[in-house]
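The values are calculated or read from the model by the stated rules, or taken from the named source; none is laboratory data. Since we're looking at a predicted model, the values are computed, not measured. Cβ coordinates were reconstructed from backbone atoms using ideal geometry, including for glycine residues, and neighbour counts include every protein chain displayed. Keep in mind that these areas ignore ligands, DNA and RNA; they rest on the heavy atoms of the full protein, side chains included. Shrake-Rupley method; radii C 1.70, N 1.55, O 1.52, S 1.80 Å.
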Amino acid sequence: MKRLVLLSLMSLTSFTGVAGLNVASAAEGEGEGRQQSSYVVNNESVRTSTEALQDWRKWTTDHAYSLSGIQPETAVNGKIPAERFKDLDMLKPLLHDKRIVFLGESSHGVAEFNLAKTRLIQFLHEEMGYNVLAFESGISNSMNVQGKISRLSAEQAMKGSIFGVWWAQETLPLFDYIKTTQNTDKPLLLAGFDIQQQGQFIDTSWLKDEKLAKQLADAEKQLMNWGGSKDLKGYQKAKLGLIQTYEQVLSQVKQKEEALKTAYPDEPQILKLMERALKERVRVAKEYVEINIKSNIEMVNYDPTSFLKSMEWRDQAMLANLIWLATEVYPNEKFIVWGHNDHIRKSHSEVQGSPYPVKLMGELLPDEFKKYSYVLGLYMASGETADNMRNPMSVLPVKSGSIEDILGSKLSPNTFIDMRYRQNERGSSWMFEPRFAYSWGIIEESFVPRDQYDGLLLINKVKAPTYIK
């Protein structure tokens, strides 16, 4: 019942904003208090749980890397000196053959996550040639900003391209950096892969048709409103008209190619992107909105059936968009993907305690892409986070035997550990068995770390972002 109440608090339709729930996981009770528990690793001596935990902590201290800082670097003429990234050089052998690096986060509302990911993006772009940054945000909105980024301020670019959960002072350095790279020989390109609405998504000047532009603007408002409605029959009557409007605009894309290029001078692939964005709107109008309306109706009675269908539908669509971007739009570029841990991890449906027990984007990723991807999960050990409505929440105390406990170090405020290239041995066996960790700093989940992520980054103390309205 509590979990269903939580689901009903979601913002941005099915966007993964979670506020307040303490879910008991299958791993609850593990740690120092279970003196009678024992482990056998590779036929070595039997250990009590206390001894195992001590081994894990010591091994992790010996093998983890400490980041010298998480503050983004300052670019000069679009460049950052290589010596500023010395503490991240350990990533080069791990990522040398990877085409996609997924940067996760256990909460959207953490200032330090925004800072740390910005610095990682700078490193990946400057030092390793990752030239496309794809956000868990609207494919249409990011296209709209990238297409005219030279005309926009960093704040305008941020607000126009990504969801409001990241509109923060700590995210602005990323967009300052993106802008500074645009006049270099390797600009960092902005993309989105989500299908959810973020307000008016295109500059309609290229249509050269005021009547159709107004129809499109009206359709966008109606579609957004219907997503929060419980009037299924009403939407079914209005749906055809909305679809016809989007299809009419879609029919103009190739005819108005030159006008499109003029409106979006900074995006050479604007024709492909605009067609895709409009086709996605048609799909949303045909299928996704009805699922959301059914979810709104069912959640009144704490029934999550349609809500979970909407989560699956959304992640299937996000995956399709990401693969399309990687194969059709930027086939020769390496990608950085920014999203919640839930969306990027490799076997989400196996996570015990998650409010979303379904297969999400990372789990659905084809094996060929998984082979050349690296999935980094971000977690926090203390402080304050925020939900998707920007409400502050205290991070729950670290539990003994948890991922936060094993990785936490008084000597390092920012700790990275690789798991992809580790063998199951006495000190690393925690990676290969169920451990628990907090999603959003409050939801207790149990999973096998190495089955979900290739690496982990723990930030010891965090705070909520400094939001920008």
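Quick one: Phe113 ticks every box in (1) in a helix (DSSP H, G or I); (2) open to solvent by 10 Å² or more (accessible area, probe 1.4 Å) except a single one, so which number is it? Exception for Phe113: condition (2).
Anything in the range 262-308 that is in contact with a Ser or Thr (Cβ under 9 Å, 6 or more places away or on another chain), under 20 Å from Asn141 (Cα atoms) and among the basic types (Lys, Arg)? List them, or say none. Hits for the range 262-308 are Arg276, Arg281.
Of the residues examined, Glu445 is not one that is more than 21 Å from the chain's Cα centre (by Cα), of a type in the set (D, E, K, R) and at pLDDT 95 or above.
Would you confirm whether or not the range 65-80 contains a residue that is under 18 Å from Arg435 (Cα atoms), β-branched (Val, Ile, Thr) and at pLDDT below 95?
No: zero hits.
Taken over the range 377-411, the residue count meeting the criterion of being open to solvent by 10 Å² or more (accessible area, probe 1.4 Å) and either within 22 Å of Gly69 (Cα to Cα) or touching a residue at least 24 places away in the same chain (Cβ under 8 Å) (or both) is 21. Taken over the range 131-169, residues that are surrounded by fewer than 24 Cβ atoms within 10 Å (Cβ to Cβ), over 16 Å from Tyr264 (Cβ atoms) and not aliphatic (A, V, I, L, M) amount to 9. Is there a residue in the range 341-364 that is among the acidic types (Asp, Glu) and over 18 Å from the mean Cα position of the chain (by Cα)? Yes, because at least one residue in the range 341-364 is among the acidic types (Asp, Glu) and over 18 Å from the mean Cα position of the chain (by Cα). Here is the figure for the range 237-292: residues that are open to solvent by 40 Å² or more (accessible area, probe 1.4 Å), of a type in the set (S, T, N, Q) and part of a helix (DSSP H, G or I) total 3. Selection of the range 302-318 for residues being part of a helix (DSSP H, G or I) and either surrounded by 21 or more Cβ atoms within 10 Å (Cβ to Cβ) or touching a residue at least 60 places away in the same chain (Cβ under 8 Å) (or both) yields Phe307, Ser310, Met311, Arg314, Asp315, Ala317, Met318. Which residues, taken from the range 128-177, are closer than 27 Å to Thr327 by Cβ and in a loop (DSSP other than H, G, I, E, B)? Listed by number, the residues that qualify are Gly129, Gly147, Lys148, Ile162, Phe163.
When Leu458 is tested against the conditions (1) within 30 Å of Pro304 (Cβ to Cβ); (2) assigned to a strand (DSSP E or B); (3) of a type outside the set (Ser, Thr, Tyr), the lone failure is (1).
Of all residues in the range 183-221, count the ones that are surrounded by 15 or more Cβ atoms within 10 Å (Cβ to Cβ) and either farther than 30 Å from Gly241 by Cβ or free of Cβ contacts under 8 Å to residues at least 12 places away in the same chain (or both).
Qualifying residue count for the region: 6.
Does Leu325 satisfy the criteria of being crowded, with 22+ Cβ neighbours inside 10 Å and out of contact with any helix residue (DSSP H, G or I) (no Cβ under 6 Å at 6 or more places or on another chain)? Here the answer is yes, as Leu325 does meet what is asked.
Just to be sure before I move on: is Arg57 under 29 Å from Phe436 (Cα atoms), basic (Lys, Arg) and touching a residue at least 12 places away in the same chain (Cβ under 8 Å) in the structure I sent? Here the answer is yes, as Arg57 does meet what is asked.
Across the range 181-196, the qualifying residues are those that are in a loop (DSSP other than H, G, I, E, B) and touching a Phe, Trp or Tyr at 6+ places or on another chain (Cβ under 8 Å), and the one among them that is farthest from Leu319 (Cα to Cα) is Leu188.
Once the range 73-108 is narrowed to residues that are touching a residue at least 40 places away in the same chain (Cβ under 8 Å), under 22 Å from Arg420 (Cα atoms) and of a type in the set (Asp, Glu), the residue that is least open to solvent (accessible area, probe 1.4 Å) is Glu105.
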